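Below is one structure, written out as structure tokens; comments come after it.
The values are calculated or read from the model by the stated rules, or taken from the named source; none is laboratory data. Since the model is a prediction, treat every value here as computed from it, not as a measurement. Here the Cβ is made from the backbone with ideal geometry for all residues, glycine too, and neighbour counts use every protein chain on show.
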Amino acid sequence: MSVLAHVFEAAGIATVVLSSVREMAEKTAPPRALHCEFPLGRPLGRPGDAAFQHDVLARAFALLDSATGPVLVDHPEVIEADESPLACTLPPRFDPSLPPAVDEARGLRRAFDRSLARRGFTSVGRVIDADGVPGALAVLHAIAEGADWKDAGIPGGNTTAVCHDIRTYYEEAALELADGPVPGGRAVEDWYFDQTEAGATVLKARAAIRDGGGKFPVWFYMTPGQR
């Protein structure tokens, strides 16, 4: 974003950057930047705190009054990331005849529906909707167990998008089941990949596609890079 700011400014469009990594803002020197020492992925600070978020935006837009640049200002409040593990109890197995991840996903449907009703929207839908999550997990389970990934029927033919939809479905359901404040992004990621059958299935399918001749990036972006 800091580099793009220079491009937009050259075209006559004034910009303000919300910086998450101060060293990067210092190196790229965008015309105007407000550095926010907040957890990555939360550029406006506290989830659900409209007053705080409006304060961040007001401080950022105020930089447009600066006559010269580059300008780099620090937001006065620092928010430490809380990455303690997400506390979320998963539903018990209901149908042992199903692959574990499929059974698990079905068990989370009511929590997902509550989340959808409360928020009024969902980010699931790149290639499948909530109804398609169990079927997509069945496909990934088959791949993990040795089925040829090219002929397995990956929804939309897009490994990255379908894995994003599955993970989003789980995360939205989990936020209805978890105790305490909104968790940090890494805490939810760790819960998904380390504690759920779906996360384990995605990891196994990813390894199977990679080892079965899948080229980059077919398998790589099925999970975060560090996984």
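Side notes on the structure shown:
- Which numbered condition residue 109 misses (of (1) surrounded by 21 or more Cβ atoms within 10 Å (Cβ to Cβ); (2) modelled with pLDDT of 95 or more): (1)
- Listed by first and then second residue, the pairs linking a residue in the range 152-181 that is hydroxyl-bearing (Ser, Thr, Tyr) to a residue that is not in a helix (DSSP H, G or I), with Cβ atoms under 7 Å apart and 6 or more places separating them unless they lie on different chains, are 159/218; 159/219; 168/123; 168/124; 169/124; 170/108; 170/196.
- Entirely in the range 121-227, the helices (runs of 4 or more DSSP H) that have 2 or more residues that are over 22 Å from residue 98 (Cα atoms), over 18 Å from the mean Cα position of the chain (by Cα) and outside the structural domain of residue 44 (by TED's automatic domain parsing): 197-211
Here's the yes/no breakdown for (1) under 28 Å from residue 175 (Cβ atoms); (2) in a helix (DSSP H, G or I); (3) at pLDDT below 90:
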position	(1), (2), (3)
7	no, yes, no
15	no, no, no
41	yes, no, yes
63	no, yes, no
80	yes, no, yes
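- Residue in the range 131-142 that is of a type in the set (D, E, K, R) and either in contact with a strand residue (DSSP E or B) (Cβ under 6 Å, 6 or more places away or on another chain) or touching a residue at least 12 places away in the same chain (Cβ under 8 Å) (or both) present: no
- Condition met for residue 86 (under 22 Å from residue 190 (Cα atoms), surrounded by 14 or more Cβ atoms within 10 Å (Cβ to Cβ), of a type in the set (A, V, I, L, M, F, W, C) and touching a Pro at 6+ places or on another chain (Cβ under 6 Å)): yes
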